[in-house]
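This report refers to the structure that appears directly beneath it.
What follows is calculated from the coordinates using simple rules that are stated; it is not laboratory data. None of these values were measured; they are calculated from a predicted model.
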Amino acid sequence: MALWDRIKDSAQTMQTQLIAKKNDLKSGAFRDASMAMCALVAAADGSVDPSERQRVAQLIATNEVLQNFPADDLRRRFNDNLNKLTADFDLGKVSLLQEVAKAKKKPAEARAVIQIGIVIGGADGHFDKTEQLLVREACFALELPPAEFDL
């Protein structure tokens, strides 16, 4: 199977698993950690161009699991997180990984945050090494083994 197909299959599998848990994913910690994860993946290469920002914002707005939360609130949180990363990437990254770590109290939410990162990263069909590395770092912040997610 080609890498492209494996990435698509993995993202689809993660999305299916997320939908199955949708009713359990309603806490503020999950919301905040998910938006931090989305921003980290979007800015994984150290910059975010307007088209990438728009693409990820669209994915957030249409993701069935994230529809537990008001779309405007999610968009604001995502943009605030991106602004932290564009102002000072290293400092913003530390701050956002701390936000992600808040979801570790509930293992189902912690795993869902990682799955969202994989879905967002693979949405363009190319889950590149920098995106994978950031999702691995989030695994460590959540005290989850990256191997559980094939990272």
Step through the residues of the stretch 58-67 one at a time and calculate ³J(HN,Hα) from phi using the Karplus curve (6.51 cos²θ - 1.76 cosθ + 1.60, θ = phi - 60°), rounding each to whole Hz and writing x for Gly and Pro.
-> 5, 4, 4, 5, 9, 6, 4, 5, 6, 6
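How large is the convex hull of the Cα atoms of the stretch 49-136 per residue, expressed in Å³ as a whole number?
On the way: hull volume 9.1 nm³, N = 88.
Roughly 104 Å³ of hull volume per residue.
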Expressed in nm to one decimal, what extension gain is obtained for the pair E148 and T130 from 0.36 nm per residue of sequence separation less their Cα-Cα distance?
-> 4.6 nm
Once phi is turned into ³J(HN,Hα) by the Karplus curve 6.51 cos²θ - 1.76 cosθ + 1.60 with θ = phi - 60°, what whole-Hz value does each residue of the stretch 74-86 show in order, with x for glycine and proline?
-> 4, 4, 4, 5, 4, 5, 4, 5, 4, 5, 4, 5, 6
